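Engineer: The structure is given below, and queries will be raised subsequently.
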Amino acid sequence: MVKMVFVSMGIRMLVNVEALNMVESVGNVVRHRTVPIIIRKSAGEYIMRWGPAISGECLAHAYQSYLAELATKEGLNTCYWCKKNEFIKHFDLSFYEKTKGSIKYSADEEVLFNYANYKREDFNINIISEIEKRIIKSCVVEDIGGFLTVQGPTKRTSRFQVSYAIPTYDTVEKGIVALDHQFMVRYAPEAETRRPEDFRTPVQAPYYPQIGSALYAWIFNLEVSGIGISSVSGEKVLEDNEILKRKSIAFDALAEMLDNKIFGAKLTRFTPFIDYELILAAVSRDIKFVVSSPVLSLKQFVRETVDRAVKVKETTKAEVRLFMWCKDENIESMVKDEVGGLVNVVEVLRTNSLRDLIKRVKEVSLS
């Protein structure tokens with residue numbers, strides 16, 4: 001069996017004037033996604049607040065888009081639809097079988113056509129394992145991002161996990177979170193005056209997009225050791241060299257996404273101002289160690305994660321290594337004061353690029 005390697009990252013980022021995740025239009029109003037947030041005031045006392053959020057689906061779509069782009073550049077197998085950023089992920093093999101005349105599918109995908117019209121009772125564990133293996137071979141995005149095929153059904157759980165991005169508890173409680181409607185107008189006075197009477201759609205029209213500003217926190221996890229491994233048998237599906245390339249791409253895609261800050265909706269006119277405050281990463285072996293909730297106060301988030309990592313190593317003898325990135329010396333100093341005698345447990349990187357953190361985490365994970 002492959003030795004487990006698991007990466008968990010807690011990300012805190014200040015985002016101003018963003019429309020990264022819009023949900024629906026009501027008339028000429030375009031609403032930002034909001035979620036209920038429960039905050040504990042004291043023992044047994046809680047309050048609820050509504051705040052802006054960025055869904056895990058939004059973040060996952062962006063990550064998989066970078067995966068597909070980098071994998072294609074590196075010559076790794078990526079299916080036709082994932083290259084298009086349409087992550088339908090072999091949802092129904094009959095769709096692929098019926099579109100084979102207009103789209104060139106890989107040899108592994110062509111094998112899947114044989115199972116397109118199977119009935120549920122025709123499937124067994126060997127066929128399900130074969131379907132998963134062929135899909136893994138044909139697409140790095142579906143290897144890392146998982147899929148669910150109705151035939152079988154055949155399911156592969158995503159090797160990465162991502163939370164919603166929500167405002168931190170302390171900023172919500174103090175009211176340091178904002179949602180606002182911005183008045184915009186498609187300005188065309190002459191075109192409006194020339195609009196025919198039977199043409200009902202206004203040429204000049206106002207609209208109201210909703211924007212948010214918040215200190216967002218979210219979690220990204222990656223089961224590194226699960227890449228290229230069958231969910232059914234637990235055995236390797238790919239050659240070691242191919243698996244290593246895919247693991248490397250998984251980190252590179254995250255670095256591109258976070259460093260470029262290009263993800264989410266409405267970037268053409270609402271590219272947000274993003275400034276990362278702190279990222280705390282954990283690399284664990286033989287156990288899935290997840291960082292504490294980054295929505296806690298900054299000090300509590302770091303202190304609790306460090307304490308838990310120490311306790312896990314003491315009680316389970318598993319390996320847990322912590323890495324922290326920040327570009328502010330004041331934050332670095334505050335964190336070191338908070339963890340006190342445990343400061344040597346965390347490797348701190350204070351640079352202008354968080355690529356340095358991803359590179360370090362990648363080195364340790366793949367070593």
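Engineer: Between Ile176 and Lys311, with labels modelled 7 Å along Cα→Cβ, what's the label distance in nm to one decimal, could you check?
Structural biologist: Computed distance between label sites Ile176 and Lys311 equals 2.8 nm.
Engineer: When the helices in the chain are scored as -39500 (n - 2.57) per DSSP H run of 4 or longer and the sum is shared across all residues, what 222 nm value do you end up with, to the nearest 500 deg cm²/dmol? Present the calculation step by step, with values, prior to reporting the outcome.
Structural biologist: Numbers: 13 runs with 131 residues, N = 367.
So the helix-based figure for the chain works out to -10500 deg cm²/dmol.
Engineer: Order of Lys311, Lys104, Lys266 from fewest to most other C-beta atoms within 10 Å?
Structural biologist: Working: Lys311 11, Lys104 8, Lys266 17.
In increasing order of surrounding Cβ atoms, one gets Lys104, Lys311, Lys266.
Engineer: Output the Kirkwood hydrodynamic radius of segment 1-144, Cα pairs only, in Å rounded to one decimal.
Structural biologist: 19.2
Engineer: Only sites in a loop by DSSP and with at most 11 other Cβ atoms within 10 Å count here; which GluC sites (Glu not before Pro) in segment 74-104 make the cut? Provide the component values of the computation, followed by the final result.
Structural biologist: Values: sites: Glu74, Glu86, Glu97; in loops: Glu74, Glu86.
Here the sparse-neighbourhood loop sites are Glu86.
Engineer: Which translational diffusion coefficient, to the nearest whole µm²/s, is obtained for segment 280-367 from the Stokes-Einstein equation, given a Kirkwood hydrodynamic radius over C-alpha pairs, 10 °C and 1.306 mPa s?
Structural biologist: D, rounded to a whole number, is 119 µm²/s.
Engineer: How far, in nm, would the chain grow between Phe123 and Thr157 when pulled straight, counting 0.36 nm per residue and subtracting the alpha carbon separation?
Structural biologist: Details: separation 34, 0.36 × 34 = 12.24 nm, distance 1.94 nm.
That works out to 10.3 nm of additional length.
Engineer: Running a GNM on the chain with Cα contacts under 10 Å, which residue among Val346, Val291, Val111 ends up with the highest mean-square fluctuation?
Structural biologist: Looking only at Val346, Val291, Val111, the biggest GNM fluctuation is shown by Val111.
Engineer: Right, another one. In segment 141-193, with Lys and Arg counted as +1 and Asp and Glu as -1 at Cβ, which of these residues, Val150, Val185, Pro167, has the Cα nearest the positive end of the dipole, that is, farthest along it?
Structural biologist: Result: Val150.
Engineer: Among 76-85, 63-72, what's the highest-first ranking by average C-beta atoms within 10 angstrom per residue? All intermediate terms of the calculation are to be shown ahead of the outcome.
Structural biologist: Details: 76-85: 19.0, 63-72: 21.9.
By packing density, highest mean first, the sequence is 63-72, 76-85.
Engineer: Based on the alpha carbon coordinates of segment 55-123, what radius of gyration and maximum Cα-Cα distance (Dmax) apply, in Å?
Structural biologist: When restricted to Cα atoms, segment 55-123 yields Rg and Dmax of 14.0, 41 Å.
Engineer: A further question on this structure: Distance check, please: which entries in Lys89/Lys247; Lys174/Lys288; Lys245/Lys327; Lys41/Lys299; Lys73/Lys133; Lys41/Lys288 exceed 26 angstrom between their Cα atoms?
Structural biologist: Details: Lys89/Lys247 19 Å; Lys174/Lys288 34 Å; Lys245/Lys327 30 Å; Lys41/Lys299 18 Å; Lys73/Lys133 23 Å; Lys41/Lys288 30 Å.
Checking Cα-Cα distances, Lys174/Lys288; Lys245/Lys327; Lys41/Lys288 exceed 26 Å.
Engineer: Compute a Gaussian network model of the chain, connecting alpha carbons closer than 10 Å, and tell me which residue from Ser353, Ser94, Ser25 fluctuates the most.
Structural biologist: Greatest mean-square fluctuation among the candidates belongs to Ser25.
Engineer: By its C-alpha gyration tensor, with a ≥ b ≥ c as the square roots of the eigenvalues, how is segment 144-232 shaped: rounded for a/c under 1.5, else prolate for a/b larger than b/c, else oblate?
Structural biologist: Judged from the Cα gyration tensor, segment 144-232 comes out oblate (a/c at least 1.5, b/c at or above a/b).
Engineer: How fast does segment 258-311 diffuse by Stokes-Einstein, in µm²/s, taking the Kirkwood radius from C-alpha pairs at 4 °C and 1.567 mPa s? Don't jump to the answer; show the numbers that get you there.
Structural biologist: On the way: Rh = 13.7 Å.
This corresponds to a translational diffusion coefficient of 95 µm²/s.
Engineer: Picking from Pro294, Gln210, Ser25, whose Cα lies most toward the positive end of the charge dipole for the chain (charges on Cβ: Lys, Arg +1; Asp, Glu -1)?
Structural biologist: Comparing the listed Cα positions along the dipole, Pro294 ranks first.
Engineer: Among Asn221, Asn16, Asn344, which one shows the highest mean-square fluctuation when the chain is modelled as a Gaussian network with alpha-carbon springs under 10 Å?
Structural biologist: Asn344
Engineer: Where does each of His181, His90 land when they are ranked from fewest to most other beta-carbon atoms within 10 angstrom? Please report the intermediate quantities before stating the final value.
Structural biologist: On the way: His181 14, His90 26.
By the 10 Å Cβ count, ascending, the order reads His181, His90.
Engineer: Quick one: what does P(r) look like for segment 183-276 with 10 Å bins over all Cα pairs, in whole %?
Structural biologist: Reading the bins upward from 0: 11, 24, 19, 17, 13, 11, 5.
Engineer: Still on this structure, please answer the following. Order of Ile54, Ile128, Ile47, Ile135 from fewest to most other C-beta atoms within 10 Å?
Structural biologist: Ascending Cβ contact count within 10 Å gives the list Ile47, Ile128, Ile135, Ile54.
Engineer: Then there is this: Please give the contour-minus-distance gain from Asn330 to Glu190: 0.36 nm per residue of separation, less the Cα-Cα distance, rounded to one decimal in nm.
Structural biologist: The span from Asn330 to Glu190 would gain 44.8 nm if fully extended.
Engineer: Now for a different question. Share of Cα-Cα pairs in segment 87-135 beyond 15 Å, in percent? Spell out each step's value before the answer.
Structural biologist: Working: 500 of 1176 pairs.
Tail of the P(r) past 15 Å holds 43 percent of the pairs.
Engineer: Shape call for the chain from the C-alpha gyration tensor, a ≥ b ≥ c root eigenvalues: rounded (a/c under 1.5), prolate (a/b greater than b/c) or oblate? Before the final figure, lay out the partial values.
Structural biologist: Working: a/c = 1.96, a/b = 1.02, b/c = 1.93.
Because a/c hits 1.5 or more and a/b fails to exceed b/c, the chain counts as oblate.
Engineer: Mind checking the log10 I(q)/I(0) for segment 93-178 at q = 0.16 Å⁻¹? Debye, one equal scatterer per Cα, no solvent, two decimals.
Structural biologist: Here log10 of I(q) over I(0) equals -0.66.
Engineer: A follow-up question, please. Let a ≥ b ≥ c be the square roots of the eigenvalues of the Cα gyration tensor of segment 219-367; is it rounded (a/c under 1.5), or, if not, prolate (a/b larger than b/c) or oblate? Mind dumping the intermediate values first?
Structural biologist: Details: a/c = 2.05, a/b = 1.13, b/c = 1.82.
The shape class here is oblate.
Engineer: Quick one: which residues, 5+ away or cross-chain, put their amide H under 5 Å from the amide H of Gly51? H built at 1.01 Å from N.
Structural biologist: For Gly51, the qualifying residues are Val35, Ile37.
Engineer: So what is Rg over Rh here for segment 307-351, counting just Cα atoms and using Kirkwood for Rh?
Structural biologist: Details: Rg = 11.7 Å, Rh = 11.3 Å.
Using Cα coordinates only, the ratio equals 1.03.
Read-outs throughout are calculated quantities, based only on the coordinates presented, and are distinct from any laboratory measurement. All of these numbers come straight from a predicted model, not from anything done at the bench. Cβ: placed from backbone, ideal geometry, glycine included. Neighbour counts: every protein chain shown.
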